[in-house]
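Data block below; observations after.
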Amino acid sequence: MKKLRLILGDQLNSNHSWFNEVDENVVYVLAEMLQEATYTKHHIQKVVAFFLSMRNFSMTLKSKGHQVIYYQITDENNPQNLEKIITVCLEKQQIEKFEYQLPDEYRLDLQLKTIASNLKIPTEAFDSEHFYTTCDELATFYKGKKLLLMENFYRNMRKKHHLLMNGSTPEGNQWNFDHDNRKKYKGEIPVPKEKNFNTNVTEILLEIKHAGIQTIGNIKEECFNWPTSRTECLAVLEYFCTHLLPHFGDYEDAMHTEEKFLFHSRLSFALNSKMLSPKEVIETVIACYHNNEAKISISQVEGFVRQILGWREYIRGIYWKEMPHYAQMNVLENYNKLPDFFWNGNTKMNCVKHAIDQSLNQAYAHHIQRLMVIGNFTLLTQIHPNEVDAWYLGVYIDAIEWVEMPNTRGMSQYADGGIIATKPYISSGSYINKMSNYCLKCSYNVKEKIGDNACPFNSLYWNFLDEKKDYFKGNQRMAMMLNLLKKMKPEDLYQIKIKANEIITNPDGY
Ligand code: FAD
Ligand code: SF4
């Protein structure tokens, strides 16, 4: 039986069982499509990274003897949409069965189910063999429970997969070293230079332009540094273990004007495109720790394992449990528009400027920049979660809806009413000052709430609490903050609210 097997751009898993044997009756198809390059406005580096990785993956398959049909974005005969590509391939190759791997996005899942149900030949969907969990495993784990706390899920994952365990006890006698992961970075340890590939991307940039794909952000033509092959991804993993892991946990939440990446792994694109599996990343990191216990402490490793085994799998489970209604949630009824500076970085708020410039220039910001600077600002200024979601989905190299949306709409914007976060991640300028050196060179004074020089985060924070106090009145974790708000003199609160509303109505003036 002659089969057509579809491989999506984020299914570049060379260890998938599909590829165990070369079969002359199997034809694989990969396609760069306008459908995928334009469903949102992506960062130029994201489009380049996906196309180059797909090309490299297809070449690897061909070199192993597999039959591959590959559509480049500018190929004249490229139908540019999934349904047409499948139909054309089925006809031309006289295919008798269509097979695909389960997609991670709801949008593509629906589309592929519809396409498959309209075909007149047998079809079959396969697991992508990437994640530790199945799509519905989290929903089953939390069945009947009110609170979906990540920590419970994470501990269960540690036990189930025997990771960082001594029998039934967690290594280091503690499940979680979160409290050790909050150091401010003051330059005391030099950050190793980033891993560079210096790929020349001039040609592919011309193709993207020729195809008319509108993008955001910036790129350097002669030194593209995201990994776009499995070999490069493995090199990033190796680099992380050798140079960054020894301090990963300590500085996980730190931010610094001169250090864009600090000790973060920058493995998210390699993972989300599936060029690396979470299992091999975690096992490599744990093996590295066990071989270097004198140099690497458990708190560094546990912090890292928690992100991938805990957060990443948890976020995916929430996505599949809550979609499609999750995409519409806006429980705080925020309706403001995103300021223009999200597209050009023109703001005097030094923390926001650094985080946005970095996002536009690198297609990357680390999680505290995404959560406590950019996301904090959009939540405090009450921007519509649809606008926030669209920006995050476009701008980051690792942004694919299944992981972007629960992190953005849920964890960062609390638009899901607390499915993910037990309280909103908001702060005044003092948290940013505690975790970074941004405030030192800012036009604003982090200690002031009102006046021309006052840090905007301060008035915005108290204004947000005041505006949303009815919504949060039953939330125990908000009680202390709401009590402080109650104790504030009405005339002081009045001034703060005037200031906050000036910022909200004209954010581009700040
Ligand atoms: P490291 O700090 O080195 O962490 C290691 C790995 O852990 C990451 O590569 C990632 O695979 C995983 N990880 C860590 N935190 C999370 C998390 N909250 N959810 C899922 N995986 C996690 N991550 C994405 O992959 N795609 C997104 O679109 C995305 N959007 C985000 C939006 C917001 C508002 C926030 C707060 C976080 C978002 N994250 C997203 C999670 C996290 O910020 C990125 O995974 C991380 O910054 C990637 O950089 P890194 O590889 O250097 O991560
Ligand atoms: Fe950001 Fe306020 Fe600090 Fe400026 S003073 S960097 S706006 S937190």
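General observations
- Here the scattering of the range 368-424 is modelled by Debye summation over its C-alpha atoms, one equal scatterer each and no solvent; at q = 0.25, 0.31 Å⁻¹ the log10 of I(q)/I(0) is -1.00, -1.44.
- Pairs exceeding a 32 Å alpha-carbon distance, out of LYS41/LYS260; LYS193/LYS449; LYS120/LYS143: LYS193/LYS449; LYS120/LYS143.
- Span from the the range 340-371 Cα centroid across to the the range 433-510 one, whole angstrom: 20 Å
- For the chain, the convex hull spanned by the alpha carbon atoms encloses 158 Å³ per residue.
- Cα convex hull volume per residue for the range 267-348 (Å³): 197 Å³
- Rounded Å value of the spacing that divides the Cα centres of the range 15-44 and the range 85-141: 12 Å
- Alpha-carbon radius of gyration plus Dmax, which is the widest Cα pair, for the range 358-457 in Å: 14.1, 42
- Degrees, to the nearest 10: 456-472 long Cα axis against longest axis of the chain: 80 degrees
- Calculated log₁₀ intensity ratio I(q)/I(0) where the Debye formula runs over C-alpha points of the range 166-322, q = 0.13, 0.17 Å⁻¹: -0.73, -1.12
- The range 33-97 shape via C-alpha gyration tensor axes, a/c threshold 1.5: oblate
- Fraction of the pair-distance distribution of the range 3-126 above 22 Å, Cα-Cα pairs, percent: 31 percent
- Within the chain, helix-based [θ] at 222 nm, where runs of 4 or more DSSP H residues each add -39,500 (n - 2.57), nearest 500: -12000 deg cm²/dmol
- As a ratio to 2.2 N^0.38 Å, the alpha-carbon radius of gyration computed for the range 229-387 takes the value 1.17.
- Loop-resident sites, the range 209-251, for trypsin sites (Lys or Arg not before Pro), counting at most 14 other Cβ within 10 Å (DSSP): LYS220
- Each of the peptides 157-166, 279-288 was scored by the mean count of other Cβ atoms within 10 Å over its residues; in descending order, highest first, they stand as 279-288, 157-166.
- Over the range 340-509, equivalent-ellipsoid semi-axes from the Cα gyration tensor in Å: 25, 21, 13
- With R₀ fixed at 35 Å, the C-beta to C-beta distance from VAL88 to ALA235 puts the FRET efficiency at about 0.45.
- Residues TRP343, TRP462 arranged by fewest to most Cβ contacts within 10 Å: TRP343, TRP462
- Projecting the Cα positions of GLY418, CYS233, ILE69 onto the charge dipole of the chain (unit charges on Cβ atoms of Lys, Arg, Asp and Glu, taken about the Cα centre) puts GLY418 furthest along the positive direction.
- Contact order for the chain, expressed relative to its length and based on alpha carbon pairs under 8 Å spaced 6+ residues apart, stands at 16 percent.
- Loop sites in the range 283-368: trypsin sites (Lys or Arg not before Pro), DSSP, at most 16 other Cβ within 10 Å: LYS295, LYS337, LYS348
- Helix 82-92 axis versus longest C-alpha principal axis of the chain: approximately 10°, rounded to the nearest ten.
- For ILE69, the residues whose modelled amide H falls within less than 5 Å of its own, excluding neighbours fewer than 5 places apart on the same chain, are TYR28, VAL29, LEU30.
Read-outs: derived from the displayed coordinates by stated rules, not from any lab. Since this is a predicted model, take the numbers as computed values, not measurements. Positions of Cβ are backbone-derived with ideal geometry, glycine not excepted, and every protein chain shown enters the neighbour counts.
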